[in-house]
Amino acid sequence: MDGIYLDHNATTPTAPEVLAAMLPYFGECFGNPSSVHAAGRETRGALDEARRSVAELVGASPDEIVFTSGGTESDNLALRGIMSRAATRGRNTLVISAIEHPAVLRAAESLAREGTALVTLPVDIEGVVRPADLKNALAEHAAGLVSIMTANNETGSVQPVAELAAVCRSAGVPFHTDAVQAAGKVELAFAGEGIDLLSVSAHKFYGPKGVGALAVRRGLRLAPTSAGGRQEKGRRAGTENVPALVGMGAAARLALRELSSEPARLEGLKRHLWQAMRERIPGCHLNGTLDRTLPSTLNVSFEGVDGEALILGLDLERIFVSSASACSSGAVEPSHVLTAMGRDFDLARSSVRISLGRGNDLPQMDATLEALVRVVTRIRSMAGAVA
Ligand code: PLP
């Protein structure tokens, strides 16, 4: 692509190895994995391999992986699939955080319209949920599920998932985490950290779009959200998207291989860019802290600059960033994540998210800085001319 792509939290390019792994499953390997004959057994074998790879990426066992159509479906399946059973046992409260992705927020709101009691935990100035707040909420409410993301899509803030899971375990409440932004960027330990449900989405780690997974702890009963066949051990009906799932498996293997070096490289680029921004652009504020955010995410507010105008100005320079999550771009409301962190309205509306990935390097960071200096100066001088 002509330009500098800095929007990897929105989506990543499909890796060439992933595309190559998928291609046969659009052609000669077309059997239905539920068929017992050889053509079916061939694709079943490919799905089994993908399941093992995804399980390894998240730290689960293959039989705990339920394939879905992506992060949104995984989140909805976790919330509905657990709450529908929990409610019948008198545990009708769902606990989430204020900074969840719309896939969790909207699913929780729709459950609330149907009678679920919703408790929303605040975050601190760094965008992090305090385990003590969760402990208090669980002491007060008969919760059926807690859902708190592993890393936020807008700021990259990383949550204390192991601690939160431990609080849930001692209260006997299942814990779901949306790890869509964390997968492939930080190590995940589904079993090791005592997590009960975990969502991932392939297109955030160089796999294809429209495919994901929900890890479900062995023994935890999950009600399917659509009626149909017995695929995925009765947890998710519908013929599996074999080519895309094979692609997700390949992407998971690639992500695991790169986990020991790539996040550290991206962290270096991020720190370099932020340091240069602080030196060259007055009035810029980091949303979140460097130490508690994903190595690849930088969210910055620029005083006196409209975030949307900055994105468009950078787009003209062929530098691609975004304002909040891609899903809510175009909305005039300031980000719910930044306001939950205590950012005032103006600073919340003047933020951009820069999210780095495999194709980025140091010269691109320097070119981005120069473009930022130009565009921020231009926007500020235009605002000054109007005022
Ligand atoms: N959860 C988080 C944290 C996300 O960032 C996203 C996508 O932006 C989703 C869920 C939704 O995933 P998908 O696009 O695969 O439906």
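The values are calculated or read from the model by the stated rules, or taken from the named source; none is laboratory data. Note that the structure is a prediction, hence the values are computed from the model and not measured. Heads up, the Cβs are rebuilt from the backbone with ideal geometry, glycines too, and the neighbour counts pull from every protein chain shown. Keep in mind that these areas ignore ligands, DNA and RNA; they rest on the heavy atoms of the full protein, side chains included. Shrake-Rupley method; radii C 1.70, N 1.55, O 1.52, S 1.80 Å.
Annotations for the structure displayed:
- Evaluation of T68 against the conditions (1) out of contact with any strand residue (DSSP E or B) (no Cβ under 8 Å at 6 or more places or on another chain); (2) closer than 30 Å to G357 by Cα; (3) open to solvent by less than 30 Å² (accessible area, probe 1.4 Å) shows that the sole unmet condition is (1).
Quick grid of which residues meet (1) free of Cβ contacts under 8 Å to residues at least 12 places away in the same chain; (2) within 16 Å of the ligand (Cβ to nearest atom); (3) assigned to a helix (DSSP H, G or I):
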{"site": "E42", "(1), (2), (3)": "no, no, yes"}
{"site": "G45", "(1), (2), (3)": "yes, no, yes"}
{"site": "R52", "(1), (2), (3)": "no, no, yes"}
{"site": "T72", "(1), (2), (3)": "no, yes, yes"}
{"site": "D75", "(1), (2), (3)": "no, yes, yes"}
{"site": "L79", "(1), (2), (3)": "no, yes, yes"}
{"site": "R85", "(1), (2), (3)": "no, no, yes"}
{"site": "R91", "(1), (2), (3)": "no, no, no"}
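- Out of L256, L222, sole residue that is under 18 Å from the mean Cα position of the chain (by Cα), open to solvent by 10 Å² or more (accessible area, probe 1.4 Å), away from the ligand (no atom under 14 Å from the Cβ) and in contact (Cβ under 8 Å) with a residue 12 or more places away in the chain: L256
- Just so you know, in the range 182-207 the residues that are open to solvent by less than 10 Å² (accessible area, probe 1.4 Å) and either assigned to a loop (DSSP other than H, G, I, E, B) or without any contact (Cβ under 8 Å) to a residue 12 or more places away in the chain (or both) include one that is farthest from A264 (Cα to Cα), and it is I195.
- Residue check, V36 among the aliphatic types (A, V, I, L, M) and open to solvent by less than 50 Å² (accessible area, probe 1.4 Å): no
- Each residue in the range 173-195 was checked for being away from the ligand (no atom under 15 Å from the Cβ) and under 17 Å from the mean Cα position of the chain (by Cα), and 5 of them qualify.
- Hey, A21 closer than 28 Å to A189 by Cα, open to solvent by 10 Å² or more (accessible area, probe 1.4 Å), within 16 Å of the ligand (Cβ to nearest atom) and among the hydrophobic types (A, V, I, L, M, F, W, C) or not: no
- Just one of the listed residues (G234, G268, G228, G307) is buried (at least 23 other Cβ atoms within 10 Å of the Cβ) and more than 16 Å from the ligand (Cβ to nearest atom), and it is G307.
- Filtered by the rule that a residue be outside any helix (DSSP H, G or I) and either more than 20 Å from V180 (Cα to Cα) or of a type in the set (G, A, S) (or both), the range 5-21 gives A10, A15.
- Qualifying residue in the range 163-172 (condition: within 13 Å of the ligand (Cβ to nearest atom), crowded, with 19+ Cβ neighbours inside 10 Å, not assigned by TED's automatic domain parsing to the domain that holds S301 and not aliphatic (A, V, I, L, M)): no
- In the range 54-65, residue most open to solvent (accessible area, probe 1.4 Å) [restricted to those that are in contact with a helix residue (DSSP H, G or I) (Cβ under 7 Å, 6 or more places away or on another chain) and either within 16 Å of the ligand (Cβ to nearest atom) or without any contact (Cβ under 8 Å) to a residue 40 or more places away in the chain (or both)]: P62
- Checking each residue in the range 92-115 for being open to solvent by 50 Å² or more (accessible area, probe 1.4 Å) and touching a Leu at 6+ places or on another chain (Cβ under 8 Å) picks out only E109.
- Residue match in the range 94-102 (condition: within 30 Å of E49 (Cα to Cα), in contact with a Ser or Thr (Cβ under 8 Å, 6 or more places away or on another chain) and within 16 Å of the ligand (Cβ to nearest atom)): yes
- Residue selected from the range 156-172 under the condition part of a loop (DSSP other than H, G, I, E, B) and under 20 Å from D124 (Cβ atoms), by the criterion nearest to the chain's Cα centre (by Cα): G156
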